[in-house]
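These notes are about the structure you will find just below.
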Amino acid sequence: MSKPPEPRRPGAVPIGRAKGQRRAKSAGPQGKTLFEVSAGGVIYRPIPGGIEVCLISTKGGTRWQLPKGKRENGETLEETAAREVLEETGLTGRVGERLSKIDLWFTWNDGDGAVRHHKLVYFYLLEYEHGSTADHDDEVEDARWFDAAEAMERLTFPNERKVVARALEALRDGRDGRVQQRSS
């Protein structure tokens, strides 16, 4: 089965489909495949001697992960990342560079049988501006700041550890998440 086309620029979608809309594809004998686009982020803040990263907890506290969620109609990927980070952590951050794209395939039982999902998740670096983790929404059980090393240990998914590692590398290299203005 061929892969759905990847957006060419933030917010771009294939013609004939609204931004964020799922596209059902025929998957032959296996049934249908839904294509989804999501975005999220690594929100960070400097502390004496290092960096803290905010993670969210789900599944009864058994999973620690990065905030992320589905793109809504009309949103750019950057807007989705900022909205999802705010909703799931209670924190507002300035969106900076894109860190990574994770390509996920999974099967979910929707009541009518198993449905394959193909999901692209774009992660951005966000510099903390304000807010409180106490203000996270009901989709998550907890949102908490961790120093960078502990955040790396707590993350449940290896692909999200790679995203945080890339964020920390960007910060070490002086790329603090601010999008640089091009001079003409």
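The numbers here are math on the coordinates, done by the rules we state, and not lab data. What you see is a predicted model; the values in this text were computed from it and never measured.
Between rounded, prolate and oblate, where does the range 40-171 land on the alpha carbon gyration tensor, with a ≥ b ≥ c its root eigenvalues, rounded for a/c under 1.5, else prolate if a/b exceeds b/c? It comes out prolate by the Cα gyration axes. For the range 91-101, 3J(HN,Hα) computed residue by residue from phi via the Karplus equation (6.51, -1.76, 1.60; θ = phi - 60°) reads 10, 9, x, 7, 6, x, 5, 6, 8, 6, 10 Hz, glycine and proline entered as x. Rounded to whole numbers, the Karplus 3J(HN,Hα) couplings from phi for the range 46-59 are x, 10, x, x, x, 9, 10, 10, 9, 10, 10, 10, 9, 6 Hz, using 6.51 cos²θ - 1.76 cosθ + 1.60 with θ = phi - 60°, and x at Gly and Pro.
Rounded if a/c is under 1.5, else prolate if a/b is larger than b/c, else oblate: which is the range 34-93, with a ≥ b ≥ c the root eigenvalues of its Cα gyration tensor? Note, shape of the range 34-93 comes out oblate. In this structure, the amide hydrogen of Ser100, modeled 1.01 Å from its nitrogen in the peptide plane, lies closer than 5 angstrom to those of Phe123, counting only residues at least 5 positions away or on a different chain. Applied to the range 150-159, the Karplus parametrisation 6.51 cos²θ - 1.76 cosθ + 1.60 on θ = phi - 60° returns per-residue 3J(HN,Hα) values of 5, 4, 4, 5, 6, 4, 6, 9, x, 5 Hz, with x for Gly and Pro.
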